[in-house]
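The values are calculated or read from the model by the stated rules, or taken from the named source; none is laboratory data. On a predicted model such as this, the values are computed, not experimentally measured, just so you know. Quick reminder, even Gly has a Cβ in these numbers, built from the backbone with ideal geometry, and neighbours come from all protein chains shown. When the accessible area is computed, the model is the full protein with side chains, heavy atoms only, and any ligands, DNA or RNA have been set aside. Shrake-Rupley method; radii C 1.70, N 1.55, O 1.52, S 1.80 Å.
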Amino acid sequence: FGSSLCCCRPLMQEGHTPHPTKNRSADPPMLASKLAPRPSPEPCSSEQTLRDEVWEKAAAFCRERHSGEGAEEDKETRLRQEAVQFAVTLLGGLAKFIKGTHVVATSASLEISACFDWVVLGETASRSRLPVTFEAGRSGRIGFRITSEPDRARLDIEPDSLFTRPVEGAVEAGNRFFADLAEKGLGIGRPNLADAERVADNAVDWWNGAGLWAGEGHDNDFEGTKLCMIYNTVAKSKYGSVVPKKALGSLLLGSLSVTPLEYRAFEWMFAEPDGKVVVHCTTVEAESRHCGDDKFPMWRRALSARIEEDAVTQTTGQKLAEKFAASAVHFVYMRLARGYGRRSADSEIVLRLFTPCRCPKTASKWDMLAQDWQKSVDTTYSCSGDKEGRIVWRASGQAPAMPGGAASVQQAGAPPMSGLLGLMGIACCTQRADSRVEGSLQARDAQATQPGLCCTGTKSSTRAEGFWNRWVWSGA
């Protein structure tokens, strides 16, 4: 279907609607008291405009919703609406980076495409413990095609539209850990679940400087990276001392073992026996770009497969994991549960995962449960609760690869990359502008042992790209 979707250039072709960047002066005022209950955040103007336009143009495909007859919808209509809601929510979070959209709706299918000037990266909440970075618009566009059958709705994704990759620090830390493991004669071949548990136990010792690595801890080498943030949300929390080492090992080794994936399709259906809507996705291995030099790709794939299998098939502690790491656990269910004959991910939880966090900020200094770094560095701390999304999208500063070759970063009409900050992707509704740019990836890798800095005032970080990512597995 990719050939049937418009290339989105020029913007004023029929069916294209430009979406201006939101005027930050219109941001809603912050609460007078940091301790007051947070109201349900409102979508920014560009996001709401895009949502309304897509729903209006999708009327032929979602007639019942458009005409207000949702109460009497049949099952197929309900599944169609779930698929469209997912697409609209994902595009809504990307609204401020979108140059234009194109929507073609019929009674049988809905096609939506959008184009970008920049590759966009998505950082998810550290407290969700999902160690992946989302990436959208690698080719300068993102495209969906939604169709349905009586018992399911399917959203096919145009190639090069949506990816996940490891978080900042994960590739380098994994390279160092696996090399040290092999040096001590503890390498792996084709690991079974017991091997994965052994390696996970060694990973915790390697990180903390215990066991075979007594006095040689490596946690300080990755202080300030997203990898360290995700691990510390559990390991150094107020209750970290009672968390089983196996759970910490699964969290750490799972983060070190993430490999790049491309998303090709999502599928919604009703689960038995409760009739709730669940969602499954199809992925393929993707080319590793801007992830550093992965020296142990086979080990990573083998170990992550064992950890994911345990996350899907285990029964002990499953309810606890779903309660305290719902986004991460259902992310794994969404990808793998069907293959093991288990229930797929809850559609509502997956939708919340892909919903933009509209007021990203650090923890209050009065928050007794927050760690120091959560009060000063982690601007995703507020991305929690039933009324807030889990992902913050930012421009990467990397121009997309266009048909016929890679586009220049200094292409016509693109923001200049001059100065230390370069392009600043500013999240809506932030009290302190959380401005980070991907910057020089080589410089980032060279400085990987230094803590990351939030770009406020005159401070900046060429490694800031890494602060958008996440993913974790069972029991955490």
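Could you tell me which of the pairs 245/323; 319/365; 96/365; 276/361; 246/361; 246/319 are separated by over 28 angstrom between their Cα atoms in the structure shown? Walk me through the numbers before you get to the answer.
Details: 245/323 19 Å; 319/365 32 Å; 96/365 30 Å; 276/361 33 Å; 246/361 31 Å; 246/319 17 Å.
Violating the 28 Å limit, Cα to Cα: 319/365; 96/365; 276/361; 246/361.
With a Förster radius of 35 Å applied to the beta-carbon distance between residue 243 and residue 186, the computed FRET efficiency rounds to 0.90. Size descriptors for the stretch 300-374 (Cα atoms only): Rg and Dmax, in that order, 15.5, 46 Å.
For the stretch 89-191, the fraction of alpha-carbon pairs lying more than 16 Å apart is 69 percent, rounded to a whole number.
Packing-based ranking of 106-113, 226-233, 173-180 yields 226-233, 173-180, 106-113, ordered from highest to lowest mean Cβ neighbour count within 10 Å.
Expressed as cubic angstrom per residue, what is the convex hull volume of the alpha carbon set of the stretch 272-401? Write down the numbers at each step before the final one.
On the way: hull volume 23.7 nm³, N = 130.
Once divided by residue count, the hull of the stretch 272-401 is 183 Å³.
Applying the Karplus relation 6.51 cos²θ - 1.76 cosθ + 1.60 with θ = phi - 60° to the stretch 128-143 yields 3J(HN,Hα) values of 7, 6, 10, x, 9, 9, 7, 9, 10, x, 4, 9, x, 7, 9, x Hz, where x marks Gly and Pro.
Per residue, the convex hull spanned by the Cα atoms of the stretch 115-268 measures out at 163 cubic angstrom. For a paramagnetic label modelled on residue 195 (point 7 Å from Cα along Cα→Cβ), amide N atoms under 18 Å away belong, within the stretch 294-330, to 295-311. The stretch between residue 52 and residue 75, if pulled fully straight at 0.36 nm per residue, gains 5.9 nm over its current Cα-Cα span.
Between residue 324 and residue 272, how high is the FRET efficiency from 1/(1 + (r/R0)^6) when r is the Cβ-Cβ distance and R₀ = 41 Å? Nearest 0.05. List each step's numbers first, then the result.
Numbers: r = 26 Å, r/R0 = 0.64.
Plugging the Cβ-Cβ distance into 1/(1 + (r/R0)^6) gives 0.95.
The accessible-area ordering, largest first, of the residues 149, 53 stands as 149, 53, per a 1.4 angstrom probe.
Calculated FRET efficiency, residue 348 and residue 316, Cβ-Cβ r, R0 41 Å, to nearest 0.05? Let's see the in-between values first.
Working: r = 25 Å, r/R0 = 0.61.
With R0 = 41 Å, the Cβ-Cβ based efficiency is 0.95.
Give the residue list of trypsin sites (Lys or Arg not before Pro) in the stretch 272-381 that are DSSP loop and have at most 10 other beta-carbon atoms within 10 angstrom. Don't skip to the answer; put the middle values down first.
Working: sites: 276, 289, 295, 300, 301, 306, 319, 323, 335, 338, 342, 343, 352, 358, 361, 365, 375; in loops: 276, 289, 295, 342, 343, 358, 361, 365.
Those that pass, being in a loop and sparsely packed, are 365.
Here the stretch 182-241 is treated as a Stokes sphere of Kirkwood radius computed over C-alpha pairs; at 4 °C and 1.567 mPa s its diffusion coefficient rounds to 101 µm²/s.
Shown here are the Rg and Dmax of the Cα trace of the stretch 138-183, at 18.8, 56 Å.
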